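In what follows, a structure is listed as structure tokens, so that the remarks can point back to it.
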């Protein structure tokens, strides 16, 4: 019998900065400090959630010490999204190693949890209550077969290995585990759609070995970057968010608020072409890694399919975004409960410029095939035909003549001409010059800096990126003047904001925008202000919780993450900054060692 989302106990949400992520490229799970899997959509990123406690849904999968008197911590195994949660109780130290098994299968999620009694006897509680379709469906048909539990939830089947002694109740499965000091116990949860698993139960050790090998092969060393450990972490996040199709989700979650009760809560579980280009360009700044090839492949296919009607975002398998709808959930405190995204129907001119920059960056490593070259020329012709149209722009606002969109396309056209030739009759360099001159006439402020739009004299931090990448000729004053204007009007306490919301003070309408902080670092670096670039980089990368994940925004006054988590394009710009600002000054963390001037 189907149950509503309100008939089962609901876990209380936690502050965003304390959630950790495990991901396998096809889906991701957020794990809270109390050992709860607070969010996971399966079998794919944009599927309905089977664990939705983050937004007030029922059910969950918790592994936690029985002793409530405990302190939580944890860490990622370097260069991976294998997480080790750790609790210190009155009498013991307990850890739980967690990962989504990889290489991943499209139709089956495999969540690994390995409990260890680090010191003293570990007494651990486990409970499992899968609630598919955002909490609508409780587990049914629960049965035990040789120590392995199986059940269904809606259209999902599940199998739990390692808890044969668990008790079944109306709220799912629960068990108490006792491990002597040094003891280890594995739990393996499989959740899939389609035909129920009829294979032998999985071997935890083999899954752990394969997952470790997958991460070791996927993430480069990044030793020559400005912050090797954080660069590896950023790369791991991007890799974990990227499907085998090449589509990278912008974030794992939906409806987490940028600001409480403002209604600016969106579903980012889709592949934004712009974000994909940022990530691919960042990877290319470090080297010709396989992740770059996957991102180029996805973008190439979308351009070849849709040409001048390229959408800003798609599902990770290349389909149009679903329309927005409300979910049967309470929502994260201060947020809403929506799925789907209307941005998939917008015209955003800058996307074409970012595509050109990505393909040119890949070409520097000899990674473009004939299809990608054809996609580059299609994107360039789309710019030629549509650059004078108003568009929704980077921030997906009302249609206007946004400066950032034009300057981004100028950079992309020049990159295309330099890498693939300024082929007649199109003349990409000449088109870039004409676009720049028109944009200069309409959007250059009388004080010499670039303004937001033809009809908006305000300051815009996003302009720092195309200016840093050479939108205007070398030696022109406007990039430095624009950066100075951003520092005067859009920075506070070392953090950068996007733009001003009317006359409201910075931090009142929204938090600082971490993407823009890394853009500031790249802009300073482009000017030759290397020490200043490092200061912006270090300040911005510090805006995270203990797991090291970055969200879209950072509330400076409250020191809290805001928006969906983790935000892919923020990690992308962190990686690009680390690559361009390297090598590290000191040890592996990029900091100057004690005693060194």
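Within segment 460-476, is there a residue that is modelled with pLDDT of 95 or more and over 30 Å from residue 250 (Cβ atoms)? Yes: one or more hits.
Conditions (1) in a strand (DSSP E or B); (2) out of contact with any helix residue (DSSP H, G or I) (no Cβ under 8 Å at 6 or more places or on another chain); (3) in the same structural domain as residue 102 (by TED's automatic domain parsing), marked per residue:
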{"position": "152", "(1), (2), (3)": "yes, yes, yes"}
{"position": "177", "(1), (2), (3)": "yes, yes, yes"}
{"position": "185", "(1), (2), (3)": "yes, yes, yes"}
{"position": "189", "(1), (2), (3)": "yes, yes, yes"}
{"position": "202", "(1), (2), (3)": "no, yes, no"}
{"position": "205", "(1), (2), (3)": "no, yes, no"}
{"position": "213", "(1), (2), (3)": "no, yes, no"}
{"position": "226", "(1), (2), (3)": "no, no, no"}
{"position": "230", "(1), (2), (3)": "no, no, no"}
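Does segment 175-193 include one or more residues that are buried (at least 20 other Cβ atoms within 10 Å of the Cβ), modelled with pLDDT of 95 or more and farther than 24 Å from residue 104 by Cα? The answer is yes; a qualifying residue exists. Just wondering, is there one or more residues in segment 435-443 that are under 28 Å from residue 564 (Cα atoms) and assigned by TED's automatic domain parsing to the domain that holds residue 265? Checking segment 435-443: not a single residue is under 28 Å from residue 564 (Cα atoms) and assigned by TED's automatic domain parsing to the domain that holds residue 265. If you go through segment 94-112 and keep only what is over 23 Å from the mean Cα position of the chain (by Cα) and either part of a loop (DSSP other than H, G, I, E, B) or under 25 Å from residue 43 (Cβ atoms) (or both), you end up with just 96.
For every residue, the table says whether it meets (1) in contact (Cβ under 8 Å) with a residue 60 or more places away in the chain; (2) crowded, with 17+ Cβ neighbours inside 10 Å; (3) under 27 Å from the mean Cα position of the chain (by Cα).
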{"site": "121", "(1), (2), (3)": "yes, no, no"}
{"site": "124", "(1), (2), (3)": "yes, yes, no"}
{"site": "127", "(1), (2), (3)": "yes, yes, no"}
{"site": "133", "(1), (2), (3)": "yes, yes, yes"}
{"site": "157", "(1), (2), (3)": "no, yes, no"}
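Give the residue, chosen from 78, 91, 67, that is out of contact with any strand residue (DSSP E or B) (no Cβ under 7 Å at 6 or more places or on another chain), under 21 Å from residue 182 (Cβ atoms) and either assigned to a loop (DSSP other than H, G, I, E, B) or in contact (Cβ under 8 Å) with a residue 24 or more places away in the chain (or both). Just one listed residue meets the conditions, 91. Quick one: in segment 510-539, which of the residues that are touching a strand residue (DSSP E or B) at 6+ places or on another chain (Cβ under 7 Å) and touching a residue at least 40 places away in the same chain (Cβ under 8 Å) is nearest to residue 581 (Cα to Cα)? Within segment 510-539, the match that is nearest to residue 581 (Cα to Cα) is 520. As a summary of the residue check, residue 87 satisfies the conditions (1) surrounded by 20 or more Cβ atoms within 10 Å (Cβ to Cβ); (2) at pLDDT 95 or above; (3) within 21 Å of the chain's Cα centre (by Cα) except for the one numbered (3). For segment 444-466, residues that are crowded, with 21+ Cβ neighbours inside 10 Å, under 31 Å from the mean Cα position of the chain (by Cα) and either in a loop (DSSP other than H, G, I, E, B) or not assigned by TED's automatic domain parsing to the domain that holds residue 520 (or both) total 4. Remark: residue 396 matches the filter, which requires a residue to be under 31 Å from the mean Cα position of the chain (by Cα), in a loop (DSSP other than H, G, I, E, B) and in the same structural domain as residue 275 (by TED's automatic domain parsing).
The values are calculated or read from the model by the stated rules, or taken from the named source; none is laboratory data. This is a predicted model, so every value here is computed, not measured. So basically every Cβ, Gly included, is an ideal-geometry build from the backbone, and we count neighbours across all protein chains shown.
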